[in-house]
1. Only one of these conditions is not met by Met144: (1) at pLDDT below 75; (2) over 21 Å from Glu81 (Cβ atoms). Which number is it?
2. If I filter the range 67-83 down to residues being of a type in the set (Val, Ile, Thr) and surrounded by 15 or more Cβ atoms within 10 Å (Cβ to Cβ), which single residue comes out as nearest to Arg125 (Cα to Cα)?
3. Of all residues in the range 84-121, count the ones that are crowded, with 19+ Cβ neighbours inside 10 Å and not in a loop (DSSP other than H, G, I, E, B).
4. Restricting attention to the range 76-85, which residues are out of contact with any Phe, Trp or Tyr (no Cβ under 6 Å at 6 or more places or on another chain) and closer than 17 Å to Val50 by Cα?
5. Of the residues in the range 61-79, how many are over 16 Å from Lys98 (Cβ atoms) and not in a loop (DSSP other than H, G, I, E, B)?
Amino acid sequence: MNLQRTLDVNRIIISIFLINFLTISIAAAQKVGYDENTEIAVKGVVQKEVAHPYKGLSNFFLKTQWRIFRVLTAPSWYIKETAISLKKGQEVEVVGSKFYGPDGSLCLVAKSIRLLPEGKVIRFRDDLARPVWSDYVEKKNSCMKIFLRQGKSF
């Protein structure tokens, strides 16, 4: 009986930790706003994927004919879970919201990336510019459904 209580308490603690971790990840990634007024489409070549997140999101550098953009995509857990992979030298078209980073770099928050020449589209934002990974957590993790149902969060 005592062992069962200990296991139950451990499960509760682990669940709370996971919920907090996912909520913080989503909140950090959603801090990067998407302004449809600054939406542009650019074609270019993937230069390199950056190992560390920028503003909570995985990112890569895209070289266009005139500029280099830092393209912010999604949290790294979402990239791993959905097996999204961009390779150096791959030609892509990015639709995203343009802004200047604190370091002065030109950035794009990706709404979608179209892989060229095959035309496959990877979506990161829905039609209302909301991050697709916020719905993904609710659909994927039944534990999170309890807390994220009907747009409610803690």
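1. Every listed condition holds for Met144 apart from (2).
2. Of everything passing the filter in the range 67-83, Thr73 is nearest to Arg125 (Cα to Cα).
3. 10
4. Within the range 76-85, the subset out of contact with any Phe, Trp or Tyr (no Cβ under 6 Å at 6 or more places or on another chain) is 76-77, 79-85.
Of everything in the range 76-85, those that are out of contact with any Phe, Trp or Tyr (no Cβ under 6 Å at 6 or more places or on another chain) and closer than 17 Å to Val50 by Cα turn out to be Ser76, Trp77, Ile79, Lys80, Ala83, Ile84, Ser85.
5. Total satisfying the criteria: 4.
The values are calculated or read from the model by the stated rules, or taken from the named source; none is laboratory data. In this text the structure is predicted, and so the values were computed from the model without any measurement. In this analysis, Cβ positions are derived from the backbone assuming ideal geometry, glycine residues included, and neighbour counts consider all displayed protein chains.
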